[in-house]
Amino acid sequence: MDEKVDGLDDLAFAKARRYMRALRRAILTYWYATIEDKEAALIEAANACMIVNILDESVFQASLPDTYRTSRATTPGGLVVMGLELIRNCETHAIVTFDDLLVEKRLHSVPLTDGGQVIRTLWHWASFDALPPGYLEVKTTATDRQKRARGEAQDGYRRSVQCRSVLETLFDAERFFTDIEPRLARSSTVRLDFAFAEVPQGGGTVLHRPLEHFTNASTLPDLATRWDERVAADAPPADQYVRNLFTRKTKDVPAADQRVVTDRITDGGKVIGLAGFTRCANASARWVERAAQIGRDIHNGYNYVLELGEVGVSLTADANLKLAATLDGIDLVGSLPVADAVYGLDYLQFVEAFPDMYVTMRNQCD
């Protein structure tokens, strides 16, 4: 943090301790809901967001000076806390339900001792531009200021929440609060030998979540966990496995056969990257990339193409990785439109800040 935020007084700490326990219970409850169904997972994820908002507004913001607000607006964890407020506000006040707030990314098999299995789903938050008007806005004609969360919360969702793993964002929020108030940090490691049990039910075996008493610790059980998944708030947000994979993916070409280029990404008027989409089996997926990385991909034999009607013009990269797409002696890269806020510079910096997001984007259509 750029500016130190002092901890809570005893009165505020008492409430913080209670709702930190609530948040840890909510994270664990969400974890078990990922083996139920999408609606169960959405209910528990939304409940966790509401608890995050209690800690943010009723405890930390109400008790600490302006240095807290500064930290919330300028640190990765603080931006996550603000982004989760958008979900809290929409779930609390929107008259409509948004069934696609959670997006399925992966399915993991959880084996049972009787030879059967259940499926655990890895859910990510929806992209900001996928949130429907009836969910996000007070009315369909609402201006940005009239939406259900202030601009700070919308910005936090765009920059640090959208398209990320639900669990990652909840752990980020927990870590943000414990960094400010270390007395809330985990004080012990809880044994999880019996964190879940298999019990007979209806002629089969199901996973059963027993009562738990997590007061000052929350480590998720090994429920078919993969090594690139975070199981505690004080673990690195992206472990060494993901960082190594990130490095490899910048050396390997993207998974799709080719990428279609649609926009330029600029910073201070200078073109620093490109954006576009890949065609997958049943849909198209968006991508953003630094110009230098595109040049390296092209040198490794990958094809980036500009589509002009029925004509496709491939990008080229010279020895200095300068890009061009030449047709009839004219370079078309400079005539591309500048990417909008959704898939422009902010989104490029977003996927670069979270290695798991970048790896997922490079693996599109794989």
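The values are calculated or read from the model by the stated rules, or taken from the named source; none is laboratory data. A quick note: this is a predicted structure, and the numbers were derived from the prediction, not measured. As a convention, Cβ positions derive from the backbone with ideal geometry for all residues, glycine included, and neighbour counts pool all protein chains shown. Please note that ligands, DNA and RNA were not included when accessible areas were found on the heavy atoms of the full protein model with its side chains. Shrake-Rupley method; radii C 1.70, N 1.55, O 1.52, S 1.80 Å.
List of remarks:
- Strands (runs of 3 or more DSSP E) completely within the range 270-322 that count 2 or more residues being closer than 16 Å to Gln349 by Cβ and open to solvent by 20 Å² or more (accessible area, probe 1.4 Å): 270-279, 284-290
- When the range 1-52 is filtered for residues that are within 17 Å of Ile119 (Cβ to Cβ) and among the β-branched types (Val, Ile, Thr), the ones remaining, listed by number, are Thr34, Ile35.
- Criterion violated by Phe196 - all others in (1) at pLDDT below 85; (2) loosely packed, with under 15 Cβ neighbours inside 10 Å satisfied: (2)
- The residues in the range 323-340 that are open to solvent by 80 Å² or more (accessible area, probe 1.4 Å), assigned to a loop (DSSP other than H, G, I, E, B) and either on the phi < 0 side of the Ramachandran plot or at pLDDT 95 or above (or both) can be counted, and the count is 1.
- Val110 vs. criteria in a strand (DSSP E or B), under 14 Å from the mean Cα position of the chain (by Cα) and under 30 Å from Thr360 (Cβ atoms): no
- Residue list for the range 250-269, restricted to those being under 24 Å from the mean Cα position of the chain (by Cα), of a type in the set (Asp, Glu) and either surrounded by fewer than 16 Cβ atoms within 10 Å (Cβ to Cβ) or farther than 19 Å from Glu352 by Cβ (or both): Asp252, Asp267
- Qualifying residue in the range 353-361 (condition: surrounded by 16 or more Cβ atoms within 10 Å (Cβ to Cβ) and touching a Gly at 6+ places or on another chain (Cβ under 6 Å)): no
- Members of the range 109-125 that are aliphatic (A, V, I, L, M) and either at pLDDT below 80 or buried (at least 16 other Cβ atoms within 10 Å of the Cβ) (or both): Val110, Leu112, Val118, Leu122
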